[in-house]
Amino acid sequence: MGFVKGLKCRECGREYAIDPIYVCEFCFGPLEVVYDYDGIKKVLTREMILSRPQTLWRYRELLPIDGEPTSGLHSGFTPLVRADKLAQHLGLKKLYIKDDTVTHPTLSFKDRVVAIALSKAREFGFNTVACASTGNLAHSVSAHGAAGGFKRFIFIPASLEHSKIIASLAYGPNLIAVDGNYDEVNRLCSEVANKYNWAFVNINIRPFYAEGSKTQGYEIVEQLGWRTPDAVVVPCASGSLMTKIWKSFKEMKQIGLINDMQTKIFSAQATGCSPIVKAIKEGVDVIKPVRPDTIAKSLAIGNPADGFYATQVIKESGGYGEDASDNEIIEAIKLLAKTEGIFAETAGGVTLASAIKLIEKGYIDKESVIVLCITGNGLKTKEAIVGHTVEPFHINPNLKSFEETLKKIDSV
Ligand SMILES: *Cc1c(COP(=O)(O)O)cnc(C)c1O
């Protein structure tokens with residue numbers, strides 16, 4: 001099996017054989033996986049997908065591995081939640097949450113990309129995996145790398161949330177905390193990747209890794225009844241997830257799983273790190289790198305690798321972008337929790353807060369079918385809302401004390 005034809009440079013179109021490489025030798029453009037879509041069209045039907053287990057591997061013909069998957073066998077197929085209470089609050093008709101806070105083994109969308117990256121690393125014969133992470137990737141590579149018996153080198157900015165560092169350490173990786181921001185960690189990792197023969201999931205394995213994000217798009221379409229939504233709001237770090245959701249919709253149309261696709265793609269970023277949204281608002285193609293300063297650490301990439309391509313997707317689809325301040329992020333986290341019972345990490349707050357602005361400003365039609373991508377669980381960034389929630393009521397262990405408190409609660 002396997003429908004991968006090879007790798008191709010996004011800029012000059014030069015083709016390469018399948019190898020752990022990521023950049024064109026001639027023009028330095030990024031490499032992307034090319035598939036035999038005619039071949040896929042002949043074998044992959046809705047019925048076949050529906051007959052398979054509810055994991056991201058149900059779309060395996062559209063993913064870049066040759067043999068059987070060996071990682072992330074339980075990842076993906078997260079719920080698409082019809083969010084009627086939140087919709088009512090915002091004056092919307094049909095609002096859905098793509099809820100990647102649950103179902104995934106490490107509770108963020110990064111389990112999608114890691115499933116493909118580690119399956120591919122195994123096919124290439126690597127026994128060490130590595131990554132440069134803003135937090136969730138560290139957690140995911142630590143976990144799935146442990147399950148796969150890989151040696152693991154995980155590079156993170158030392159200033160990451162404590163919860164995410166502990167969550168990664170539990171799996172016993174070699175965790176390297178770098179005194180610097182993500183962009184500095186990433187630069188260091190490019191040097192390390194050149195020197196050591198490791199599978200760096202988001203460097204030399206990146207063309208394969210990034211394809212895993214398409215599964216979020218496939219699932220949205222399938223769960224909507226083989227239909228694309230009118231609007232999707234996507235949180236952007238490197239911009240990769242956004243470009244891959246767009247690609248997934250196009251592919252489904254190309255292989256005949258859907259007849260029509262009309263979706264506007266919207267970017268959500270934190271005001272303290274919004275190079276992609278800034279370019280969109282200013283109407284320019286050049287992404288100006290920034291120094292991140294935001295509580296949304298999982299999105300804190302100041303120099304986004306796929307930023308340019310993300311702006312192209314926004315333009316091509318007719319979407320736009322918005323950004324949210326730290327305060328707006330916290331308020332949105334609480335709103336989502338209170339209306340839908342979904343506790344999201346800071347990136348989820350960014351998505352909802354930005355979506356609210358896009359709706360208020362008229363970029364997103366209130367009558368349309370809207371999907372918000374909520375990409376990580378709130379337990380991973382609890383620190384962010386400490387001091388911003390209601391307080392518990394402290395009582396003595398007797399009925400009298402409880403009823404005195406109850407009176408106070410009733411009278412508010
Ligand atoms: C990594 C990540 C994203 C998106 O990252 P891209 O680099 O833009 O693909 C979104 N949300 C969360 C929680 C993440 O960890």
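The values are calculated or read from the model by the stated rules, or taken from the named source; none is laboratory data. Worth saying up front: this structure is predicted, and the values here are computed from it rather than measured. Cβ placement follows ideal geometry from the backbone for every residue including glycine, while neighbour counts extend to all protein chains displayed. Side chains included, ligands, DNA and RNA excluded: accessible areas come from the protein's heavy atoms. Shrake-Rupley method; radii C 1.70, N 1.55, O 1.52, S 1.80 Å.
The aspartates and glutamates within cross-link reach of LYS42, meaning a Cα-to-Cα straight distance under 15 Å and a gap of 8 or more places when in the same chain, are GLU61, GLU251. A simple charge model with +1 on the Cβ of Lys and Arg, -1 on the Cβ of Asp and Glu and nothing else charged puts the dipole of the range 1-119 at about 660 debye relative to its Cα centre. Close amide H contacts of ALA130 (hydrogens built in the peptide plane, cut-off under 5 Å, sequence separation of 5 or more or a different chain): PHE153, ALA199, PHE200, VAL201.
Looking at the range 1-34, the chymotrypsin sites (Phe, Trp or Tyr not before Pro) that sit in a DSSP loop and have at most 16 other Cβ atoms within 10 Å of their own Cβ are PHE26, PHE28.
Coupling constants for the range 332-345 follow from the phi torsions by the Karplus curve (6.51 cos²θ - 1.76 cosθ + 1.60, θ = phi - 60°), and in residue order they are 5, 4, 5, 4, 5, 5, 6, 8, 10, x, 10, 9, 9, 6 Hz; glycine and proline get x. Net charge in the neighbourhood of ILE295 (other residues with Cβ under 14 Å of its Cβ; Lys, Arg +1, Asp, Glu -1) is -3. Over all Cα atoms in the range 200-322, the spread is summed up by Rg and Dmax: 14.4, 44 Å. Here the mean projected area of the convex hull built on the C-alpha positions of the chain is 21.7 nm².
Around ALA279, what is the net charge, scoring Lys/Arg as +1 and Asp/Glu as -1 over all other residues with Cβ under 15 Å from its Cβ? Taking every Cβ under 15 Å from that of ALA279, the sum is -2. In whole percent, and with a 1.4 Å probe on the protein chains, what portion of the accessible area of the range 291-341 is carbon and sulfur? Answer for the range 291-341 is 46 percent, counting heavy atoms of protein chains only. Measuring between their Cα centroids, the range 303-348 and the range 40-79 lie 27 Å from each other.
Within the listed set SER274, SER240, SER368, the residue fluctuating most in the Gaussian network model of the chain (springs between alpha-carbon atoms under 10 angstrom) is SER368. For the Cα trace of the range 272-412, dividing Rg by the Kirkwood Rh returns an Rg/Rh value of 1.13. Taken over the Cα atoms of the range 36-83, the convex hull encloses 107 Å³ per residue. Sequence-distant contacts, meaning Cα pairs under 8 Å at least 6 residues apart, place the relative contact order of the range 278-412 at 19 percent. Counting lysine pairs in the range 74-186 that sit 8 or more residues apart in sequence, or on different chains, and whose Cα atoms lie under 17 Å apart gives 7. Considering only VAL390, ALA310, GLY348, and ranking their Cα positions along the charge dipole of the range 282-409 that arises from unit charges at the beta-carbon of Lys, Arg, Asp and Glu, the one farthest toward the positive end is VAL390. Per the Debye formula on identical point scatterers at the alpha carbon atoms of the range 96-163, with no solvent, log10 I(q)/I(0) at q = 0.26, 0.28 Å⁻¹ is -1.17, -1.27. Each residue of the range 98-104 is assigned a 3J(HN,Hα), and the resulting list reads 7, 9, 7, 7, 10, 6, 5 Hz, derived from the Karplus form 6.51 cos²θ - 1.76 cosθ + 1.60 (θ = phi - 60°), x at Gly and Pro.
Close amide H partners of CYS273, meaning residues 5 or more places away or on another chain with modelled amide H under 5 Å apart, are ASP293.
Per-residue accessible area (protein heavy atoms, 1.4 Å probe) orders ASP183, ASP84 as ASP84, ASP183, starting from the largest.
Computed with a 1.4 Å probe over protein heavy atoms only, the accessible area of SER159 comes to about 80 Å². Couplings 3J(HN,Hα) for the range 201-212, derived from phi with the Karplus relation 6.51 cos²θ - 1.76 cosθ + 1.60 (θ = phi - 60°), are 4, 9, 10, 6, 9, 3, x, 7, 3, 4, 4, x Hz, where x marks Gly and Pro. Spin-label model, HIS162 to LEU188: label points 7 Å out along the Cα-to-beta-carbon direction sit 2.2 nm apart.
Relative contact order of the chain, taken over Cα pairs closer than 8 Å and 6 or more residues apart, is 16 percent. One decimal place: the segment LYS400-PHE28 gains 126.7 nm when fully extended, by the rule 0.36 nm per residue minus the C-alpha distance. By the helix-only formula, in which each DSSP H run with n ≥ 4 contributes -39500 (n - 2.57) and the sum is divided by residues, the chain has a 222 nm mean residue ellipticity of -11500 deg cm²/dmol.
For the chain, the longest principal axis of the alpha carbon atoms and the long axis of helix 136-147 meet at an angle near 60°.
Extension gain for GLU316 to LYS334 (0.36 nm times residue separation, less C-alpha to C-alpha distance): 3.2 nm.
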